[in-house]
Amino acid sequence: MTAIRGAAAITGAASGIGRALAIELAGRGCDLALADRDEAGLKTLAAEIGRGRKVSVHRVDVGEPADIARFASEATAAHPELGIVVNNAGVALMGSFEEIDQAQMDWLFDINFWGVVHGTRAFLPHLKTRPEAHIVNLSSIFGIIAPPGQSAYAAAKFAVRGFSESVRHELVVAGSPVKLSVVHPGGVATAIARNSRTGVGVTDNARRAQSIERFENAAKTTPKDAALRIIKGIEKNEPRILIGNDARFMDLLQRFRPGTYWAPLQRKLEKMAKGT
């Protein structure tokens, strides 16, 4: 069991799962180092958490390794007992492989994959000095299954999964006090789809609007419920944390039909999007 105590660092903390995690961890006695590009959102969150906890806010673009290194340095200086790091920040990109260009794919990888890698690397030396510590890396259900139109996102989230599992095994072999969980959320009601970028080759605005509507109709898990599930996973040292009934269903389907899951899954997703 990992105790929820000391302090936690969270990227992408101004909204969505990151914001909900900050609130729930603060309620359990954690001080917080909160990172995001949205400084106003961070300050609003810090004010909501209130004076009962020590909260530091940091403007960080996780696509910039120097920002992450600075965040780790500032966060550990402000919170010497920091023992939980949540690499949560992420972005989305709509369009088929042929509709997105290499620059867009690089942009997404810099945030969704390299942001996780750099965050893990920057905080690990400090975490290893703690009697117990935990890294939480956000992948996605699209790190287990790969639907069409998500080639960049799925590739990055599969990479997060592979990286995290390998590092976790290395920590176990080394007898490290640091635990590592990789998180695979299904549809969580955040603004990630609405805030997504669109491939340069996508000319149909109606398709973007439809994609956002389908996501929002299918995203049944609240950020709070996602945060509670992650906290439970930290406490139990779960190596893989699936969030939502949709994620559990897709994980099982992929296990039973690893090469042919898409046709039945597409039918299921269409029903979910329609609310049937």
Quiz prompt | From the options G52, G63, G18, residue that is surrounded by 21 or more Cβ atoms within 10 Å (Cβ to Cβ) and either part of a loop (DSSP other than H, G, I, E, B) or at pLDDT 95 or above (or both) | solution = G18
Quiz item: From the set of residues in the stretch 98-116 that are open to solvent by 10 Å² or more (accessible area, probe 1.4 Å) and of a type in the set (A, V, I, L, M), which is nearest to the chain's Cα centre (by Cα)?
Solution: I111
Quiz item: Is it the case that some residue within the stretch 172-182 is closer than 23 Å to L93 by Cβ, of a type outside the set (A, V, I, L, M) and either at pLDDT 95 or above or touching a Gly at 6+ places or on another chain (Cβ under 6 Å) (or both)?
Solution: no
Quiz item: Could you give every pair whose Cβ atoms fall below 8 Å, whose first residue belongs to the stretch 254-265 and is in contact (Cβ under 8 Å) with a residue 60 or more places away in the chain, and whose second residue is part of a helix (DSSP H, G or I), counting only separations of at least 6 or pairs across chains?
Solution: Y261/M250; Y261/L253; Y261/Q254; L265/M250; L265/L253
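Table: residues versus (1) without any contact (Cβ under 8 Å) to a residue 40 or more places away in the chain; (2) open to solvent by 30 Å² or more (accessible area, probe 1.4 Å); (3) of a type in the set (K, R).
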residue	(1), (2), (3)
V136	no, no, no
S140	no, no, no
P148	no, yes, no
A152	no, no, no
L171	yes, no, no
T221	yes, no, no
K224	no, yes, yes
Quiz item: Which members of the stretch 159-191 meet the condition of being out of contact with any Phe, Trp or Tyr (no Cβ under 8 Å at 6 or more places or on another chain) and part of a helix (DSSP H, G or I)?
Solution: R161, G162, S164, E165, S166, V167, R168, H169, E170, L171, V172, V173
Quiz prompt | Members of the stretch 107-158 that are assigned to a helix (DSSP H, G or I) and among the charged types (D, E, K, R) | solution = D110, R121, K157
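The values are calculated or read from the model by the stated rules, or taken from the named source; none is laboratory data. Since this is a predicted model, take the numbers as computed values, not measurements. Using ideal geometry, Cβ is built from the backbone for each residue, glycine included, and neighbour counts are taken over all protein chains shown. Just the protein is used for accessible areas: all its heavy atoms, side chains included, with ligands, DNA and RNA removed. Shrake-Rupley method; radii C 1.70, N 1.55, O 1.52, S 1.80 Å.
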